[in-house]
Amino acid sequence: MREAGRVVARILAGTREAAEPGLPVAELDAVAGRILKENGATSPFLHYKPSWAPVPYPANICVSVNDVVVHGIPGNQVLKDGDLVSVDCGATLGGYCGDAAVSFFVGTGDEAGQRLLDVTRTALERAIAAAVPGNRMGDIANAVERTARKAGYGIMQGCGGHGIGTQMHEDPPVPNVGRAGKGMPLREGLTIAIEPMLHEGGSDEARTLADGWSIATADGSRAAHFEHSIAITADGPLVLTAL
Ligand code: MF3
Ligand code: CO
């Protein structure tokens, strides 16, 4: 999983490097495809078809721009200066999966958006810090919820992290909302993807776009998304999707 995670980290670095005003989003998907191939890995997103999805996922990565929270399909859309972009990507290598996401500005950002990026990254860091043996799932969830609410941000309903291993999505669910000290005990060897998705607006309602995949904020406010796959070990959380 560490090797698969390293490929994910390379794709996130490569796509971020490539993202600039004027670039069609499909080009980022091509960058991801090239890095996957170079590393002998495949995308667990491509052709993925959960029961709720009308069609199999058609791309290597998700690119979600501004009010799109997650599952944005790379297409003809051209990146603009100031767009707040989330790139979510997975890799399968040697039978194991990695899954991670980062959000960033294309070109120049604004102060409000930067704060959303900083708080969402902090939510992920705190949630990872809570992923230790002896804690419970609610400690992870509550770390995200507390960080988001304190900053006045919304948390998208029905979205969250998941177990990960030979499959991209495994049990247990890893919620972004919950009570500290409650839920499943965290044990050494559990591997999970933690993924706070926060947005600027007050409404936590989601709206699915016409493509059947893209999930946007109902209030049109911008969202940020950071994700890492991690392993719970006796020595603390091990981030699998780092370089
Ligand atoms: N990274 C997403 C998640 O964490 C998965 C994307 S769904 C896909 O759940 F279909 F695009 F693969
Ligand atoms: Co995920």
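Derivation of every value follows stated rules applied to the coordinates shown; laboratory data play no part. Every value quoted in this text rests on a predicted model; they were computed, and no experiment measured them. No Cβ is skipped: glycine too gets one built from the backbone with ideal geometry, and neighbour counts run over all protein chains shown.
Structure values in brief
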read-out	value
Column: log10 I(q)/I(0), Debye, Cα scatterers of the chain, q = 0.07, 0.10, 0.14, 0.16 Å⁻¹	-0.20, -0.42, -0.86, -1.14
Footprinting exposure proxy for Phe226, Phe105 (fewest neighbouring C-beta atoms within 10 Å first)	Phe105, Phe226
Asp118, Asp67 arranged by Cβ crowding within 10 Å, fewest neighbours leading	Asp118, Asp67
Anisotropy class of segment 71-181 from Cα gyration tensor, a/c 1.5 cut	oblate
Choice from Arg222, Arg207, Arg136 showing the highest fluctuation, given a GNM over the chain with Cα pairs closer than 10 Å	Arg207
Extension gain from Met184 to Leu243, taking 0.36 nm per residue of separation minus the Cα-Cα distance	18.3 nm
Label point distance in nm, Ala18-Glu205, each placed 7 Å from Cα along Cα→Cβ	3.7
Length-normalised contact order of the chain in % [C-alpha pairs under 8 Å, at least 6 apart]	23
Förster radius 25 Å - calculated FRET efficiency between Arg2 and Glu38, Cβ distance, rounded to 0.05	0.90
Tensor-based shape of segment 47-132 (alpha-carbon gyration tensor, a/c under 1.5 rounded, otherwise prolate or oblate)	oblate
Helical contribution to [θ] at 222 nm, DSSP H n ≥ 4, -39,500 (n - 2.57), averaged over the chain, rounded to 500	-8500 deg cm²/dmol
Dipole moment magnitude, nearest 20 debye, segment 121-192 about Cα centre, only Lys, Arg, Asp, Glu C-beta charged	360
Förster-model FRET efficiency, 25 Å R0, Thr233 and Arg146, C-beta, rounded to 0.05	0.55
Debye equation applied to the C-alpha atoms of segment 1-64, log10 I(q)/I(0) at 0.19, 0.21 Å⁻¹	-0.75, -0.87
Segment Asp110-Ala218, extension gain: residue separation times 0.36 nm, minus the distance between their alpha carbons	36.7 nm
Cα extents of segment 163-243 along the three principal axes, largest first (Å)	42, 28, 24
